[in-house]
Every structure is written in structure tokens, then in C-alpha cells.
Amino acid sequence: PIPKYKELAGTFNPVNFDAKEIASLAKDAGMKYIIITAKHHDGFAMYHSKANDFNIVDATPWNKDPMKELANACREAGLGFGFYYSHNQDWTFPGGGRGPEVDEAGNPATFDDYFTKKCLPQVEEITTQYGPIEIVWFDTPGKMPKKYVQQLVEVVRKNQPNAMVSGRAGHGLGDYQSLGDMEVPRENVEGLWETVDTTNDSWAYAWYDQYWKSPKEILRRLIACVGRGGTYMLNIGPKGDGSVPERAKLALRQSGKWISRYPQVVYDTQASPWEHALPWGDVTRKGNTLFLCVFNWPASGKLYLPNLKSEIDSAQLLNGENPESLNWKKSEDCVVFDLPPNAPDPLVSVIELTLKGEPVVDPTWTLDPNIGTEILAEFATVENAEKSEKRWMEKFGEWKSVIHAHGWKDGSRAVWEVDVIEPGDYNASLTYAGEGRLVWKVEIEGGEQIQNQQNSSHNYQEFPIGWINFPKPGRYKVSAACIEGDVETASLKAIHFDRISEE
């Protein structure tokens, strides 16, 4: 209830907040700027707002404006600074959505009341009282009419002409696209965009969530975003006393140490010409140089890079000040590198591949002979079925999404085009959700077909279907179909292939 929530603000006393420490942490993590919440959906201002007294100075015993300290700390550290502002929702101000429907005088409150009395004045405040800022990160535009968004953007342009406006301002008035919460794209995205993610599974601080992303997982998601052509903004939720959780700090600093070893891999780079991740890792690009980021080091000592049509000038394994030249051979368009038995970097090893010209790549998925290959339904062509995105919240704050094939009926199937380097038997499995026992069929067009009955899961588990044979190298069409059981509930996320070794 709003009165109790406002009363709760009186207990907020973040005595361990240290602006310089937070700026130092961001710097150590390899970040370039900090965006901090000025006002979230609850309506509480994390700065000293003259427009409304529900703020950190007037409503709490701490009685300080942390934004001034943080803005100064960022400038001293050479970091950019900016604000998040929830413009369309305010749960405690009359007319702001889920909040009161009448004003203090008992008159009906409208969205215009909220906008003119609180939202617009507060955006004026955050863009005039804290020096130069880099971004104003508006959020959840909902059905906010365009005229209101235009006014907010005009205020930013007037007061901070060099600041960018996030795409979540609405109505296409932002300067770049912001993807969904925790959405790391699986294929390249055109234009200027970012993904927003969290250090655990929750936004802000959640007492019930201690599942911190490891340094390797942070790097995996960062490089995936850079490799798809975008940027990565990572949320930290300080505790109620203002301090940052120790394990979040540890993971961020370890990630930052890796970035400091390989800055050329993540800064000022271009998207991967493969347009998606590869079984062993991912690729970023800088002109004619490719950076192969190897997360899964092949035990065989052979790393396969498929469908590269460009000529190679050199290849070296980066390892501090002593990069190691690599031997490689090219058969057709597949490059095979000879690697040492152990990965030189405990997190992600990097191969720098210099080409003699622009990279020319066929992005068709290729089954890796060493490492299991997962191909999402997102990359399939569906016949007599549907393919769409589904989003849900696993626990409060933890958004999940999947592009799934569904709406199965007679004649439905999902079809992938795949290249095979090493022929032979592969174990095929499917990741799906549904109800009850389902029978799935996997088929090579013009070749073998297999089927298996398995139980379902509600949250997309991987189930084996069986061995299937690719008789020779080349390009194949492979399909999957749900053929028996409660097929209307079947939701297919991905197909997997693991080569059966003949040695």
C-alpha cells in the first residue's frame, strides 16, 4: 500500500554508499559510463527533487543527494554519467498509473496531472543539475501518447545537446534501440542498439537471489552482444546499506581484467560475419582482422572455422606479450587450426586472424566435429506451423525469452539447412516444452529418419531422439516434427547434434 511504502522510505539509510568506489568498480570492469536510476516505477526519486518530496533527501534519514557525488566521481574517473527515468509509470503519484486516482484535493487525477506536475519537472531537474550527462535512459513507454514523449526529448535536447536518448522513450524518438530485459540476441541486429542485463537474475537488489553470473558468463554475454553488432549494459543492485555485493564485485573485476588483456576484442569492433555464435565461442571483427573468442577449448587440438571464403594472411594465439603463431590448413571453405593441448587463458582464449581482404563468409550453420552444435528454432524455416517469441518471468525480475516453433499439426515441421564437415553418426536431441509424452521425428531430407517418445518439461529441457547418419560431407536439410501426443502443447526451442566418435 502506498502509505506503508512511503513510510518504508523513512528507514532507507545507505550509510555505506561510496560513489568513488562504485566509479572505480565500473572502471575496473571495463565499463565506459554509468547510468543510475533517478526514478523507477515506484515514484521514489534517488536524488534531491524539488518537484516532489518523495525523494532520498526529504523522505529518508540519510538526507544526502548521492547523484552529485556519483556524477563527480564519474568525471574524476573519466567515465560518462547518465540517468534512468521511468517516464510512463509512477505508482505513488496521482495519475501515474497504478497510484492514486485522485489528487490531494480529492479531484480526479489524470496522466496529464502526473506529467506536468512531476515527470516533466523532474526530467528538467536531472538534465540541469548534474553537469554534462551522456544518456537519458527512459523506460517502459507503454501507451504513453507521442506528444508527451516529444516534450521530454525536447527537454533533453535543450539541456543536454550531446546526450543520447534511449529507444524506450517510445514512438521511435530515441537515438538507439534497447532490446528486452536480459535479451542477448542470437543473430546480428542492424543499427545502433544495446542489451540491458544484470549481474545476477534480478534487477536492483533481491534478498532471494544470490546466483551471481560468473566472470566467464559475463564475458560470454558481453562478447555475444558485441559479436551481434551492439553494446552491453550490465546492472548492479547495491544493497540497502549502499554497498555492492562482494561476489558481484569479484565477477566484475575478473571480467574487467580479461577485457584489459584483450581490449581490441570488445572496443570499437564490428559484428561477426558469421552472424551468430559458433559451437566453440564467438567472433568479433575490426576491419580485416577477426578475433576468435574460444570459450570451449577443443580437446582434440583441432578448431574448425567453417565457411570462410577469404584468404588468410596470418593466425596467432594471443598470450600476453608473446603471441604464438598457429598452423592451419584450409579445405574448401573450412579452416582447421592446430592448437596446443591447453587453453592459454582460463576464461576465454583469443585467436587473432588477419585476412588479406574483407571477410567473406557463408553464415550457414555447420556441425562441429568436436563440440556439440546447438541450432535454435529461431534459425529454422517452419512449415504448416508457427514461429514467434515467447517471454515470461521465471522469478520476480528474471525475464526469459525464446523464439519457438509451435502450433504443430499434420504436416508441420521445422527445417534447418546445415553443413557437415565430417560425415558419420551424430546424436540428435531436441530442446522443447509441452505436456505429457510426445513423439518427435528428426529427418534428413533424402536420407535417414529417426523418432523417439520422451516426456515433456515446462521449462525447455533437452531430450535425446537418437543417432542419425550423414553419409558424406556437404549441405543437408534436416527437419524436426512433433508427430504424436498432445502436439498442440509442443514448443520447440532448438536441435542439437553431437558427433559419435569412431575412434
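Quick notes
- Only protein atoms count toward the accessible area here, which uses a 1.4 Å probe; on the range 436-475, the carbon and sulfur part of that area reaches 41 percent.
- Each residue, Glu104 and Thr231, gets one label point 7 Å from its Cα in the Cβ direction; the gap between the two is 4.0 nm.
- Cβ-derived FRET efficiency at R0 41 Å, Glu21 paired with Glu484, nearest 0.05: 0.10
- Once the Cα-Cα distance is subtracted from the 0.36 nm per residue extended length, the Glu246 to Ala204 segment shows a gain of 13.6 nm.
- Computed log₁₀ I(q)/I(0) - Debye formula, equal Cα scatterers, no solvent, the chain, q 0.11, 0.12, 0.13 Å⁻¹: -1.04, -1.16, -1.27
- Sorted peptide list for 282-291, 202-211, 3-12, 151-160, criterion being average Cβ within 10 angstrom, highest first: 282-291, 151-160, 202-211, 3-12
- Each pair of Cα atoms in the range 106-179 enters the Kirkwood radius, and Stokes-Einstein at 37 °C and 0.692 mPa s then converts it into a translational diffusion coefficient of 256 µm²/s.
- Solvent-accessible surface ranking, highest first, for Phe111, Phe54 at 1.4 angstrom: Phe111, Phe54
- Using the alpha-carbon positions of the range 347-503, Rg (one decimal) and Dmax (whole number) come out as 17.0, 55 Å.
- At most 15 other Cβ within 10 Å, DSSP loop - GluC sites (Glu not before Pro), the range 35-117: Glu101, Glu104
- The alpha carbon centroids of the range 91-107 and the range 271-322 are separated by 56 Å.
- For the chain, relative contact order (Cα pairs under 8 Å, six or more residues apart, normalised by length) works out to 9 percent.
- Here the convex hull built on the C-alpha positions of the range 1-155 has a volume of 115 cubic angstrom per residue.
- For the range 260-371, the normalised intensity computed at q = 0.09, 0.11 Å⁻¹ comes to -0.20, -0.30 (log10 of I(q)/I(0), Debye sum over alpha carbons, equal scatterers, no solvent).
- In nm, spacing of pseudo-spin labels at Ala343 and Thr116 (7 Å Cα→C-beta vector): 6.0
- Each peptide in 304-313, 422-431 was scored by the mean count of other Cβ atoms within 10 Å over its residues; highest first, the order is 422-431, 304-313.
- Taking every protein chain into account, the accessible area of the chain amounts to 46 square angstrom per residue (probe 1.4 Å).
- Restriction of the trypsin sites (Lys or Arg not before Pro) in the range 90-153 to DSSP coil positions whose beta-carbon has at most 10 other beta-carbons within 10 angstrom yields Lys143.
- Modelled spin labels at Thr140 and Tyr5, positioned 7 Å past Cα toward Cβ, are 0.9 nm from each other.
- Added length on full extension, which subtracts the Cα-Cα distance from 0.36 nm per residue, Lys216 to Lys286: 23.0 nm
- For the range 108-172 versus the range 406-471, the spacing of their alpha-carbon centroids is 49 Å.
- Sulfur and carbon atoms: percent of accessible area, the range 206-333 [1.4 Å]: 47
- Given Lys143/Lys400; Lys213/Lys493; Lys20/Lys64, the pairs whose alpha carbons are separated by over 18 Å: Lys143/Lys400; Lys213/Lys493
- Stretch gain in nm, segment Glu448-Gln150, where the contour uses 0.36 nm per residue and the Cα spacing is subtracted: 101.4 nm
- Net charge of Cβ neighbours under 10 Å - reference Thr195; Lys, Arg +1; Asp, Glu -1: -2
The values are calculated or read from the model by the stated rules, or taken from the named source; none is laboratory data. Fair warning: this is a prediction, and the values are worked out from it, not measured in the lab. Ideal geometry is used to build each Cβ from the backbone, glycine not excepted, and the neighbour counts take in all protein chains shown. For the accessible areas, the whole protein counts, side chains as well, though only heavy atoms, and no ligand, DNA or RNA atoms are used. Shrake-Rupley method; radii C 1.70, N 1.55, O 1.52, S 1.80 Å.
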